[in-house]
Structures are given as C-alpha cells and as structure tokens.
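Enquirer: My questions will all concern the structure given below.
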Amino acid sequence: MNSAATTSPASVRDDRWKSKVSDVNSGVLGGVIAKPHPSFYVALALAAFCALLGGVAWLLQIIFGMGLSGLNSPVYWGVYITNFVFWVGIGHAGTLISAILFLFRAKWRNSINRSAEAMTVFAVMTAGLFPLIHVGRVYLAAYWMAPIPNTNNLWVNFRSPLIWDVFAISTYLTVSLLFWYMGLVPDLASLRDRSRGLRRFVYGLLSFGWVGSLKQWHHYETGYALLAALATPLVLSVHSIVSWDFAMSIQPGWHTTIFPPYFVAGAILSGCAMVYTLVVPIRKMFSLEHFIKEDHLEACLKLTLLTSSIVAYAYAVEFFIAWYSGAFYEWSIFKLRAYGPYSFYFWVMVFCNCVFPLLLWSKRVRRHMAVSMVICVLINVGMWFERYNIIISSLVEDFIPGSWGHYQPSLTEIAITVGSFGWFFMWFLIFVKFFPFVSLSELKLVMPKPLKASDQELSAQTSS
Amino acid sequence: MQRQESGVLALFKHLDEFATAARLVQNKSGFDGHQVYSYASYHELMDVAESAYGPSPVRWLTLMGSLVGCSVGFLMPTLMDYDWPLVVGGKTAGLNSAIPNVIFMFELFVLFGALATIFGMLWFGGLANPRARIFDPRLTDDHFAIYVPGVLMDSEQSRYLRSLGALELKAV
C-alpha cells in the first residue's frame, strides 16, 4: 500500500469535520461517564414497563396454556411468527452495515456501525424468544429444536426448513455477537483508561487487557476483515432461510421463488429504518452531533430508499407471477390480500414500504430529520404488517373452503408484542449508557489524520 | 509476581512522524524488544506491522475452523440420518437426501470459521491478559508511543526517539 499517498495533507483535509481525533474520546465517552439527559431515564422506564407487561403475559400463557394466545385452526402462526420474522429482519441491517459496508470501504458506516451492530444483537435476541413463546411449553423447547434424539432415538428432520432456521438464526446471533464484541474491545480499553475504581476493573476485564500494541492491531485487523468476509454471505443467507420457512411449503401465497431476495431486501429496508429511528434520538440525547453527521444519516436514508424500491419491485413481481402463472389458488390469495377482509393491512404495507419512502428522493426531506424519522417509523410499521399480511392471509383461506376461518390477535399476543418492543429498547438503552455508542477507533480512522504537515499548514493559515 | 522491566516510553502526536519512527526503529540496534502503540489501525501503521510480523496467521485458523465446520455440517445430518432413516417426501435417507445438508455445511462453515478467527485474534494478540501493562491512558485516546525496554532516559535510544519527533519521553 502506498502510505505516502494516504498521508498527504491535501488528501486528509476534510472541512466537514469540525472535531479532531483528540475530541473523540471525550465527546463520545462523556455520555457513558456523565449523567445522561433526563429523557433517557423516561425512555428506559417506559421500555422496562413494556417489557414487564410482555413478561407477565408470557408467564400467564405458560401457566394457563396456549388457549390464551387464541391461536387455533386454521391460523397456527399468528402474531408470534410475525414478530419473529420482523425482529430477524430488523437484525439484518446491523451486520450489513458493519460487514458488507466495511468490505466496500463505505466511510459513513464508521459512525453508526456500533449502534447498528448492537441493534442486530438485541433484535435477534428478541426474535429468538418468539419460537420459544410460540411452542407453548418453553421448558421443552430446547429438546424440540436442537438435534437431540427422542426416546425412540429419532433425530430431527434435517429436511425441514424449521431446523435450517434454528441453525441459521443461532449462527447469525453468535457471529453478530462476536463481530460486535470484537469491535468493542479497543473502545472498552479506552473506557478503562478513563474510569476509576470498580468501573475501571470491570472495563479492564471486558477489554481483555487490550493495550493497542501494533501486534494486537495487526491480528485484530486481519481477524476483523475475515469475520466481515464470513458474515457477508451469512447476512444474505439468514433471511433467505427464514423465507424458506414459508416458500418450502405448498401454501398459496408462500410457495414462490422470489421469497429469499424479497425477504432479504425487506429485512435491510426495515433494519436501515430502525437504525435511523434509534440513532437520531440517541445522537441528540448524548450530544453526538459532531461525530454522527447529517451526511452519515443521509447515506443511511439512501440505502433505505434503494431497498424500498427493491421491495416495491418484489411486490409487483409477486402479483404479476400470481396472475401470469394461472394458478387459481395463488391468484385467489393475492386478490384476497388486496380486496379481502385483511386489505387494510395490505394497503398499510404498500403505502408505508413503497409510497412514503418515495419522499426520500428529495434531498430536502432527507436533510429534514423529523420528516425522515416519521418516514422511517412508518417503514417499520409497514414491514411489520408485511409479515402479518403474508402469514395471516395465506393461512385463513387455503385449499379447503371448509377449514377457512378468521384471525385477529388476542390481548395476550398484543401484550407480548408490545413487550418485545420494550425488551428490545430496554437492552438497547442499557447498552447506550454503559458502552460507547460510536466506535471510537473506527471513527478516528475516517476523521482528518493528525499529521504534522497539516498542523503546520493550519498554523500558517491562522497566522496569515 | 514477575517483575516488569523498566524502560522508556516515547510519546508522539503526529501520525506521519510516528509511522516514520516506527519504521526506522524496526531493525535498529539498541531497540530490541521495543513495542509500538496506537489508538487506531491507520494504514501507515498496518504497513509497518506487515513488514515486522508478516501476514497474520489468524487466516490459517479461520481456514481450518471453516473446513472443520463444513465437514461437521455434512457429517452430522448424514450420520444422524443413517442412524434413524427418515423417509420424507418419498426420498430415502442419507446421501440420497444430501442436498439440504448444504445449509448445515454453510452455517457451520461460517460459525466455526468465526469462532476460530476470534480465538486466533485473541491468541496471537496475547489476549486475554489480566496483567497487561498500561503505560499511559493517552495511548487509547490520541497519542502514539514507542516503548523501549531496558534503556534509560539519558541514553542514545532516547535521544534518537526525540530526534524522530517524540513530544514526550518518560521512564516507565
């Protein structure tokens, strides 16, 4: 690599940065060490309350049985599986932003990758709860899901997408967790060096005794790049495998080959929208405006717009193929989605995922944080209803008219759904309070380099 | 407890000066066992590391882990399938139904590869090290440093480091 080229003053002078490398630690870690804005505690209390509500609902369901959930023939997969797919989707953008954009050397990722990775870990953790909630007797869940033989020495069916999903999600959670934590190690050492007493001891343990020697960085950088290379196909595979839970069945509306790319695009759309939804208020709460710049948030919105276009295209193709195939049951389901008793959810999905994001073509809208925030929240609403729409409309009316039914979520399901949002936000806010929200060592890499040559040039300009 | 060796720590603030200094002291006599510290992985410094340590062996561990994972991903479902053959969709068990095993091969390829990578990064980087010596809190903030063990403040090495642009020298 030509280091001379990368250290020339002209190449590093960047007027967009008003802060210097030496401002990063005090600016970012100030929020961790000092008391945050009171709104932080309000948000944390609200999230904890919602999580508690969901926990109580789940406990009641465990005590009194699955009857409380209201799930019954023909809709056995209701809101719980909707939530599962939604949260896995949210978890998608984190590793996309950290791994894929790292390989593409997209610099804007360096200020938001930490929050996106944390979001991934907590979202997949939340998603992982739903198969447990859905199976009812949670204490037997591990026995049903993992390849453990039953009393007849019968192994799991390795040709079932459900076991593929167990492997995919657990691998994704593990790799995302490792990727996130690996990035945190140098920053935890920075926190250790700024802390005293018990905090210093705890951060010292968590940072594994990192000192930032060249040897450590050398192996770290190689490991990070390899992990990014491993995580990249994993990102694409996870939601493809989740989509096979549906596409491998012969249920009308599910049995379609466009599902894997369509699910992946949808997951990235919801993930990017959630990153934006999380970063904007936290940026304000912890005064991180100098480090998470408008340009970075705008780049995230551009990615949201791109994936929204792909999702809109996928919706159109799905409809076209349903009509063009001449498959009667397939086309009937699609007509039911658009004009049947669940059409409200369908149109919410279309407007939130395809129509409202079109506003992001305007730079003025992308630069207007409040408007962009509303669009991103609407995208998340739309993406939740997309999964609800796919699951419910295909299950209520299948091949046999005698088994047709109607579905609406029970109070238990709604409480657990609210609880899942509370659980997710609670962990995210706890993370924000105790860990650096922005990757210190990676942010410093995209800021102007601390060069003697550029310092001299600057002092000459100041004196003249 | 093992007594830690004393030496001199030279602190730098500018990357260009520091990268040059790190390169120059690499093979210079009197700097045996020196250590270079940075708060971020600048390319300039990674070039110095590459010339000092060669390509990182972490990549071999990643490869090994991935290949082991891939093999386990194939063997586990196949052997379990032979242990109790399940006929699904009219297909007989084992190798005749091996195509879905690609999923397990892929997932475990990634999982074992990632675990091996983390292990390699920790092992070769000398982590976890509860007795790590933290010379100066500024090394994880905005300063670079070169530590030379077994030398004094008033030595040839210290003077050389100062001539290379060290802003501060301290005995540690």
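Computed from the coordinates by the stated procedures, all read-outs in this text should not be read as laboratory data. Note that the structure is predicted; figures quoted are calculated from it, not measured. Note that we place each Cβ from the backbone using ideal geometry, even for glycine, and neighbour counts take in every protein chain shown.
Enquirer: Once the other residues with Cβ under 13 Å from the Cβ of A:P186 are scored (Lys, Arg +1; Asp, Glu -1), what is the net sum? Spell out each step's value before the answer.
Expert: Working: positive: A:R114, A:R192, A:K444; negative: A:D187, A:D193, A:E221, A:E442, B:D141.
After counting each charged neighbour, the total is -2.
Enquirer: So, counting K/R as plus one and D/E as minus one, what does the shell of residues with Cβ under 12 Å around A:K215 add up to?
Expert: Numbers: positive: none; negative: A:E221, B:E50.
After counting each charged neighbour, the total is -2.
Enquirer: Can you give the three extents of the C-alpha atoms in segment A:184-313 along their principal axes, from longest to shortest, in whole Å?
Expert: The principal-axis extents, from largest down, are 61, 32, 27 Å.
Enquirer: For segment A:56-447, with only Lys/Arg (+1) and Asp/Glu (-1) charged at the beta-carbon, what is the dipole magnitude about the Cα centre, in debye rounded to 20?
Expert: On the way: 25 positive and 17 negative charges, 283 e Å.
For segment A:56-447, the charge dipole is close to 1360 debye.
Enquirer: Here is a further query. Would you kindly calculate the mean projected area, averaged across all directions, of the convex hull enclosing the Cα atoms of segment A:277-316, in square nanometres?
Expert: Numbers: hull surface 11.8 nm².
That works out to 2.9 nm², a quarter of the Cα hull's surface.
Enquirer: Once the Cα atoms of segment A:363-431 are picked out, what are the Rg and Dmax in Å?
Expert: In order Rg, Dmax, the Cα atoms of segment A:363-431 give 17.5, 54 Å.
Enquirer: For segment B:1-80 and segment A:267-295, write down the distance between their C-alpha centroids in whole Å.
Expert: Result: 33 Å between the Cα centres.
Enquirer: Other chains near A:165-178: what is the mean number of their Cβ atoms within 10 Å of each residue's Cβ?
Expert: On the way: counts 1, 1, 8, 5, 1, 2, 10, 3, 0, 4, 8, 1, 1, 6.
Mean partner shielding for this stretch: 4.
Enquirer: Divide by every residue of chain A the summed helix terms, -39500 (n - 2.57) for each DSSP H run of at least 4, and state the resulting mean residue ellipticity at 222 nm, rounded to the nearest 500 deg cm²/dmol. Don't jump to the answer; show the numbers that get you there.
Expert: Values: 20 runs with 327 residues, N = 464.
-23500 deg cm²/dmol, from helical runs alone.
Enquirer: So, one more: Please work out the Cα convex hull volume for segment B:58-124 and give it in Å³ per residue. Walk me through the numbers before you get to the answer.
Expert: On the way: hull volume 4.4 nm³, N = 67.
It comes to 66 Å³ per residue, whole-number rounded.
Enquirer: Then there's this: For segment B:110-172, what is the largest minus smallest coordinate of the Cα atoms on each principal axis, given in angstrom and ordered from greatest to least?
Expert: 51, 22, 19
Enquirer: Considering every residue in B:43-49, what mean count of other chain Cβ atoms within 10 Å of its Cβ is obtained?
Expert: On the way: counts 9, 6, 5, 7, 4, 3, 9.
Neighbouring Cβ atoms belonging to other protein chains average 6 per residue here.
Enquirer: D for segment B:86-133, whole µm²/s, Stokes-Einstein with Kirkwood Rh over alpha-carbon pairs at 4 °C and 1.567 mPa s: what number?
Expert: Values: Rh = 13.9 Å.
Answer from the Stokes-Einstein relation: 93 µm²/s.
Enquirer: Given the Cα-Cα distance of A:I62 and A:W361 and 0.36 nm per residue of separation, how much length would full extension add, in nm? Display every interim value, and only then the final one.
Expert: Numbers: separation 299, 0.36 × 299 = 107.64 nm, distance 4.75 nm.
Between A:I62 and A:W361, full extension yields 102.9 nm more.
Enquirer: How many angstrom lie between the Cα centre of segment A:160-219 and the Cα centre of segment A:349-399?
Expert: 34
Enquirer: How would segment B:1-66 be classified by its alpha-carbon gyration tensor: rounded, prolate or oblate, with rounded meaning a/c under 1.5 and the a/b versus b/c comparison settling the rest? Don't skip to the end; give the middle numbers.
Expert: Working: a/c = 2.03, a/b = 1.36, b/c = 1.50.
Oblate.
Enquirer: Now, a different point. Which of the lysines could a cross-linker bridge to A:K449, judged by Cα under 20 Å and excluding same-chain residues fewer than eight apart?
Expert: Qualifying lysines at Cα under 20 Å: A:K18, A:K20, A:K107, A:K293, B:K13.
Enquirer: Here is a follow-up. Hey, could you get me the Stokes-Einstein D for segment A:266-394, Kirkwood radius over alpha-carbon pairs, 4 °C and 1.567 mPa s, rounded to whole µm² s⁻¹?
Expert: Working: Rh = 15.6 Å.
Answer from the Stokes-Einstein relation: 83 µm²/s.
Enquirer: Right, another one. Report, to one decimal in Å, the Kirkwood hydrodynamic radius for segment A:14-87 based on all distinct Cα pairs. Before the final figure, lay out each step's value.
Expert: Working: mean 1/r = 0.0588 Å⁻¹.
Result for segment A:14-87, one decimal place: 17.0 Å.
Enquirer: Mind checking Rg over Rh on segment A:92-133, alpha carbons, Kirkwood formula for Rh?
Expert: Details: Rg = 12.2 Å, Rh = 10.8 Å.
Rg divided by Rh gives 1.13.
Enquirer: In Å and from the alpha-carbon atoms only, list the Rg and Dmax of segment A:111-242.
Expert: Calculated on Cα positions, Rg and Dmax stand at 19.0, 58 Å.
Enquirer: How do A:156-167, A:221-232, A:365-376 rank on mean C-beta neighbours within 10 Å, highest first? Walk me through the numbers before you get to the answer.
Expert: Details: A:156-167: 19.3, A:221-232: 21.7, A:365-376: 17.5.
Those peptides, ordered most packed to least, come out A:221-232, A:156-167, A:365-376.
Enquirer: Using per-residue counts of other Cβ atoms within 10 Å, averaged over each peptide, order B:133-139, B:12-18, A:425-431 from highest down. Don't skip to the answer; put the middle values down first.
Expert: Details: B:133-139: 16.7, B:12-18: 23.6, A:425-431: 20.0.
Packing proxy ranking, top to bottom: B:12-18, A:425-431, B:133-139.
Enquirer: On the first, second and third principal axes, largest extent first, how far apart are the outermost C-alpha atoms of segment B:6-119 in Å?
Expert: Each principal axis gives a Cα extent; for segment B:6-119 these are 73, 23, 21 Å.
Enquirer: Then there's this: Helix by helix, which DSSP H runs in chain B go 18 Å or more along their axis at the Cα atoms and have an average Kyte-Doolittle hydropathy of 1.0 or more?
Expert: Details: long enough: B:58-83 (37 Å, 0.89); B:101-124 (33 Å, 1.97).
Taking the DSSP H segments of chain B (at least 18 Å long, mean hydropathy at least 1.0), we get B:101-124.
Enquirer: I've got another one for you. When Lys and Arg each count +1 and Asp and Glu each count -1, what net charge do the other residues less than 13 Å away from B:R162, Cβ to Cβ, add up to? Please list the in-between numbers first.
Expert: Details: positive: B:R159, B:K170; negative: B:E17, B:D154, B:E156, B:E168.
Its environment carries a net charge of -2.
Enquirer: Turning to a different aspect of this structure: Using just the Cα positions, wrap segment A:56-447 in a convex hull and report its mean projected area in square nanometres, one decimal place. Can you show the working numbers first?
Expert: Details: hull surface 87.6 nm².
The number I arrive at for segment A:56-447 is 21.9 nm².
Enquirer: Follow-up question, since we're still on this one. If amide H atoms are built 1.01 Å from N in the plane of the peptide, which residues on other chains or at least 5 residues away come under 5 Å of the amide H of B:G7?
Expert: B:G150, B:V172
Enquirer: Per Stokes-Einstein, at 4 °C and 1.567 mPa s, what whole-number D in µm² s⁻¹ belongs to segment A:254-302, with the Kirkwood radius over Cα pairs as the hydrodynamic radius? Mind dumping the intermediate values first?
Expert: Details: Rh = 12.4 Å.
Stokes-Einstein gives a translational diffusion coefficient of 104 µm²/s.
Enquirer: Another question about this same structure. Is there a simple number for the mean count of other chain Cβ atoms within 10 Å of the Cβ of residues in B:92-99, and what is it? Walk me through the numbers on the way to the answer.
Expert: Numbers: counts 0, 3, 0, 0, 0, 2, 1, 1.
Per residue, the number of nearby Cβ atoms from other chains is 1 on average.
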